[in-house]
Every structure is written in C-alpha cells, then in structure tokens.
C-alpha cells in the first residue's frame, strides 16, 4: 500500500511538470518597432517566447508585413515587445495606438 502511495505521488508531480511545460510553449503575440527604407514602422508576429531572440534576429534584411499594409525590408529591429505592452519611443507608441486592428 505504501508503494502505491509513493507511485501516485510521483505520477502527480510528473503530470504537474508536463502541464507547466506545455504552458511555457504557448506562443505570444509580439509587436516590433522596426526601421525600414520608408522609415519607422511596426510589424506584428506570434512567436514562442523561448525563440524571441532568434526570431528577432531573423527579421534583419527580410520583408515583413507592417501595420501600414506594406511588406517592407527590415533594416534594423529597435524593440520587440508583447502585444499588451507599450513601446518606449513616443512616436511609435502613438502609431501603435492609431492602428485599427
């Protein structure tokens, strides 16, 4: 009987770890302040939080859809933040607040 209790406790701990690990893999919506040949803009993405740095780096010299409904070349990534956060740059913050989607 004691072995069964220990096995049940170990199984419960394992299930808890599996549930927590799945929650960590949940993709998050990000918005990035980028510099393009047309000037500053914002691009929207959904990424795994663990891959944020890798995904950000992959944006350089790539064409991405922006909130101005254009696919623009990324010259520089200035800031990538979660969708519910505010940008540091006031101009970009105002641009973000004016978007309709």
Taking segment 87-101 and keeping residues within 17 Å of the chain's Cα centre (by Cα) and surrounded by 13 or more Cβ atoms within 10 Å (Cβ to Cβ) leaves 87, 96
Given the conditions (1) at pLDDT 95 or above; (2) in a helix (DSSP H, G or I), report the number of the one that residue 43 does not fulfil.
(2)
Out of (1) at positive phi; (2) not in a loop (DSSP other than H, G, I, E, B), the one residue 69 does not meet is (2)
Tabulated pairs, segment 69-80, first touching a residue at least 40 places away in the same chain (Cβ under 8 Å), second surrounded by fewer than 13 Cβ atoms within 10 Å (Cβ to Cβ), C-beta under 6 angstrom, 6+ apart or interchain:
74/60; 74/62
Please indicate, with yes or no, whether at least one residue in segment 48-63 is at pLDDT 95 or above, closer than 26 Å to residue 26 by Cβ and part of a strand (DSSP E or B).
no
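The values are calculated or read from the model by the stated rules, or taken from the named source; none is laboratory data. Only a predicted model underlies this, so the values are computations on that prediction, with no experimental measurement involved. As a convention, Cβ positions derive from the backbone with ideal geometry for all residues, glycine included, and neighbour counts pool all protein chains shown.
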